[in-house]
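Participant: Below is one structure. I have some questions about it.
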Amino acid sequence: MKEKIRMVIVLVLTGALSAAFLSLVSAATAGRIAYNQEVKLKRSLLDVFGVSYTEATILDVFERNILSEPYKEMSIYKYVPQGSGGVQGVAFPVRGAGFWGPISGILALESDLVTIRGIKILEHSETPGLGGRIAEPEFQGRFSGKSVQGNFEIVAYAKAKDESQVDAITGATETSKALERILKNNIARFYELVEDKHITVK
């Protein structure tokens, strides 16, 4: 009986010490994790706008070129290069259900709010080598210059025929169509907020 009690006490103490250690580690690394997430977001925004930077200048270049406006409905990022005289592009988060799990990223439009300037996938759970290719620069580059109006779609088994079509990833039709739905839903939401004047882009 005493042996069982001793075992329970040891287990409780071990669990308590482990929990305390993990709490300390979490507290000690929270700031660094938050900072890394901030840098990742700012790097991605500079990428979708096509702004040059080095790892040492990310924060400075972002500060000089990007205006961040966190609205309740949706965060908006405006590309306003120094001396440009106005907004040269607008970016906003896109997120939704992929084929295997959530997909999140950033979509940037030109100042006409119609032409895609760039896209960046930040998180996904798609199959490596297939759907996971949505995060590759080659695929993301297919969106640049495309129009989000008209019959915007990611087409499979056929080459994109006009400015509103993007070639899908071969062998990953479901992921491609899921990304199409995510983009359409978020673009529609963005337009609604602009039309209702919840968000200004000038």
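Throughout, read-outs are computed from the coordinates displayed, never taken from laboratory work. Only a predicted model underlies this, so the values are computations on that prediction, with no experimental measurement involved. Ideal geometry is used to build each Cβ from the backbone, glycine not excepted, and the neighbour counts take in all protein chains shown.
Participant: If I model a spin label at S84 and S18 as a point 7 Å from the Cα along the Cα→Cβ vector, what separation in nanometres do I get?
Facilitator: Result for the modelled spin labels: 5.2 nm.
Participant: Let me ask another. Can you list which of the DSSP-assigned H helices in the chain have a Cα extent of 27 Å or more along the long axis and an average Kyte-Doolittle score of at least 0.0? Let's see the in-between values first.
Facilitator: On the way: long enough: 2-49 (68 Å, 0.75); 173-195 (33 Å, -0.45).
Those that clear 27 Å and a mean of 0.0 are 2-49.
Participant: If I stretch the segment between V194 and Q149 completely, what's the gain in nm (0.36 nm per residue apart, minus their alpha carbon distance), one decimal?
Facilitator: The span from V194 to Q149 would gain 14.7 nm if fully extended.
Participant: Taking the Cβ-Cβ separation of S68 and A158 as r and a Förster radius of 30 Å, what is the calculated FRET efficiency to the nearest 0.05?
Facilitator: Between S68 and A158 the formula returns 0.15.
Participant: I've got another one for you. Select from the stretch 44-113 those chymotrypsin sites (Phe, Trp or Tyr not before Pro) which occupy a DSSP coil region and have at most 13 other Cβ atoms within 10 Å, ordered by residue number.
Facilitator: Taking the stretch 44-113 and a limit of 13 other Cβ atoms within 10 Å, the loop chymotrypsin sites (Phe, Trp or Tyr not before Pro) found are Y71.
Participant: Related question: Before anything else, pin down the relative contact order of the chain: Cα pairs under 8 Å, at least 6 apart, normalised by residue count, whole percent.
Facilitator: Computed value for the chain: 14 percent relative contact order.
Participant: Among R32, R142, which comes first, then next, by fewest other beta-carbon atoms within 10 Å?
Facilitator: Numbers: R32 9, R142 17.
Final ranking by Cβ density, sparse to dense: R32, R142.
Participant: Go through [x] 151; [y] 176; [z] 109 and flag the label whose value is the computed volume of the Cα convex hull per residue in Å³ for this structure.
Facilitator: The listed entry that was calculated here is [y].
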